[in-house]
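Okay, so here's the structure we're looking at.
The values are calculated or read from the model by the stated rules, or taken from the named source; none is laboratory data. All of these numbers come straight from a predicted model, not from anything done at the bench. Because the Cβ atoms are built from the backbone with ideal geometry, glycine has one as well, and the counts that use them run over all protein chains shown.
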Amino acid sequence: MSSPDVIVVGGGIMGCTVAWRLARAGLSVCVLERSVPGAEASTAAAGILGPMMEAEEVGPALRLGLRSAELYTQLAAELRAEHALEIGHRVTGLLRVALESEAGGETELEAHAARLRGSGLAATRDVALLSGEEARRREPSLAPEVCMALELPGEGQVDPRLLLPALSMAGERDGVRFVTDSVVREVLVRAGRAQGVRLDAGPLHAAHVVVAAGSWTSVVPGVPLAAATIAPVKGQVMRTHARPRLLERVVFGAGGYLVPRAAGDVLVGATTEHVGFARGVTLAGLAELITIATRVAPRLQSCPVLDHWAGFRPGTPDGLPLVGPTPVEHLWLASGHYRNGILLAPVTAEILVAQLLGQPLGVREDDASALDPRRFAATTETPQTPESAP
Ligand code: GLY
């Protein structure tokens, strides 16, 4: 295999997006994926674009999420115009609902609305607090128990089951080489600089290595992080179908969310489980999802269960992703996006490509710095392989 300019380790949403953007910038890029592109968390995700819903404070996550949601509009148009590919991008709006039986639910919604409005960000202009009746006028299937809703009209969704194939296809057409069934044994480091990776078949050299291996990132030998820095947080999801369509907007409530697809499917998510890499859907998980669905929209009770699955969100100690350089020169990370990998992929690629090429950032310097992987770097853990010896 000839040496590319950049090796990307991992063919999930981060690997695919970063690789495609690097290829568009003129670099030769090879994505090494141990399974097939999108095999793990990226395809398990519901695809919610909810920066205002998800950000717990006004800060980098909110600003970067809003920037990324904007980039999705361009990305969807680009994929449609240049490659005739659809990603299910829809700005449907989102409701966060409070239920009568939940202590403090309304107070939380009021605080959330006040926080967003106080941010001064243009995107928060249309944020509104609705009564239960107003919420049910927007979404008649909401439970009578819904007593208040926070309306976020600018939020929406993509469909990861369309997005991942679209990104890998567009990347391939723009020259990205995807190598599937390819296990990276180690990042090769010599004199403090990444040289490439070691595969079962031998070394593959490159000028730069980007590790985008989701929950597995910090266990790739040669990545200068303590092994538990990025840790799996399991989420189970269920798919049902309603005809006629029961919901238009994404709805958060009862500790989970409902994501209605255009053709009537409704995804119900998600559990939050710290169970290591224990795979699979459990009865307890399904019971939790059924409770969420039927409390928020009781009419879902008569809908069929069509599918269920689980994925591992890559969690980090401070809740922010790791995007950018490491103490090892030319070794970069794009990982640790926890609940917001789909949302943050375009802005992650924008930041990483700019950093790798030494170009101006499209976002605030301090927002990009908040993601700098060196805040967790464990420089002593770089392995002493023949390649890493001086
Ligand atoms: N993005 C929602 C979740 O991770 O469950």
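So, in the stretch 7-58, how many residues would count as being among the acidic types (Asp, Glu) and more than 17 Å from the chain's Cα centre (by Cα)?
2
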* Asked: What's the number of the condition Ala287 fails, among (1) surrounded by fewer than 21 Cβ atoms within 10 Å (Cβ to Cβ); (2) touching a residue at least 12 places away in the same chain (Cβ under 8 Å); (3) away from the ligand (no atom under 16 Å from the Cβ)?
  -> (2)
* Have a look at Ala45, Ala19, Ala84, Ala41 and point out the one that is surrounded by fewer than 24 Cβ atoms within 10 Å (Cβ to Cβ) and of a type in the set (A, V, I, L, M, F, W, C). => Ala84
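Just to be sure, is Gly38 within 25 Å of Phe312 (Cα to Cα), part of a helix (DSSP H, G or I) and of a type outside the set (A, V, I, L, M, F, W, C)?
No.
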* To do: Hey, can you tell me all the residues within the stretch 122-152 that are part of a loop (DSSP other than H, G, I, E, B) and in contact (Cβ under 8 Å) with a residue 60 or more places away in the chain?
  => Val127, Glu139, Ser141, Leu142, Ala143, Glu145
* Could you list all residues from the stretch 316-335 that are part of a loop (DSSP other than H, G, I, E, B) and among the β-branched types (Val, Ile, Thr)? => Thr316, Thr326, Val328
* **Long-range neighbours under 7 Å by Cβ, at least six apart or interchain, first residue at pLDDT 95 or above within the stretch 265-278, second of a type in the set (S, T, N, Q) and away from the ligand (no atom under 15 Å from the Cβ)** => Val266/Thr240; Val268/Thr240
* To do: Pull up the stretch 303-335, narrow it to residues that are among the aromatic types (Phe, Trp, Tyr) and under 18 Å from Gly38 (Cβ atoms), then point me to the one that is farthest from the ligand (Cβ to nearest atom).
  => Trp309
* **the stretch 336-367, residues that are away from the ligand (no atom under 12 Å from the Cβ), of a type outside the set (A, V, I, L, M) and part of a loop (DSSP other than H, G, I, E, B)** => Gly336, Gly358, Gln359, Pro360, Gly362, Arg364
* From the set of residues in the stretch 62-81 that are hydrophobic (A, V, I, L, M, F, W, C) and more than 17 Å from Ile13 (Cβ to Cβ), which is surrounded by the fewest Cβ atoms within 10 Å (Cβ to Cβ)? -> Ala81
* Structure fact -> When Glu186 is run through (1) touching a Lys or Arg at 6+ places or on another chain (Cβ under 7 Å); (2) modelled with pLDDT under 95; (3) over 19 Å from Phe312 (Cα atoms), the failure sits at (2)
* **Selected residue (only one of Arg313, Arg299 is on the phi < 0 side of the Ramachandran plot, in a helix (DSSP H, G or I) and among the basic types (Lys, Arg))** => Arg299
* **Test result for Thr294, of a type in the set (S, T, N, Q), crowded, with 23+ Cβ neighbours inside 10 Å and not in a strand (DSSP E or B)** => no
* To do: Specify which of the listed residues (Leu49, Leu22, Leu71, Leu75) is under 15 Å from Pro346 (Cβ atoms), within 16 Å of the ligand (Cβ to nearest atom) and of a type outside the set (Gly, Ala, Ser).
  => Leu49
* To do: Hey, can you tell me all the residues within the stretch 324-370 that are under 13 Å from the mean Cα position of the chain (by Cα) and of a type in the set (Val, Ile, Thr)?
  => Ile342, Val347, Thr348
* Structure fact -> Taking the stretch 179-207 and keeping only residues that are assigned to a strand (DSSP E or B) and buried (at least 21 other Cβ atoms within 10 Å of the Cβ), one is left with Val184, Val187, Leu188, Val189, Ala194, Gln195, Gly196, Val197, Leu204
* **Residue check for Gln384: surrounded by fewer than 17 Cβ atoms within 10 Å (Cβ to Cβ) and either in a strand (DSSP E or B) or modelled with pLDDT of 95 or more (or both)** => no
* Asked: If Val223 satisfies every condition in (1) modelled with pLDDT of 95 or more; (2) more than 16 Å from the ligand (Cβ to nearest atom); (3) hydrophobic (A, V, I, L, M, F, W, C); (4) surrounded by fewer than 24 Cβ atoms within 10 Å (Cβ to Cβ) but one, which is the exception?
  -> (4)
* Within the stretch 154-191, work out how many residues are small (Gly, Ala, Ser), farther than 14 Å from Val31 by Cα and touching a strand residue (DSSP E or B) at 6+ places or on another chain (Cβ under 6 Å). => 1
* Count of residues meeting criterion [buried (at least 23 other Cβ atoms within 10 Å of the Cβ) and part of a strand (DSSP E or B)] in the stretch 241-255 -> 4
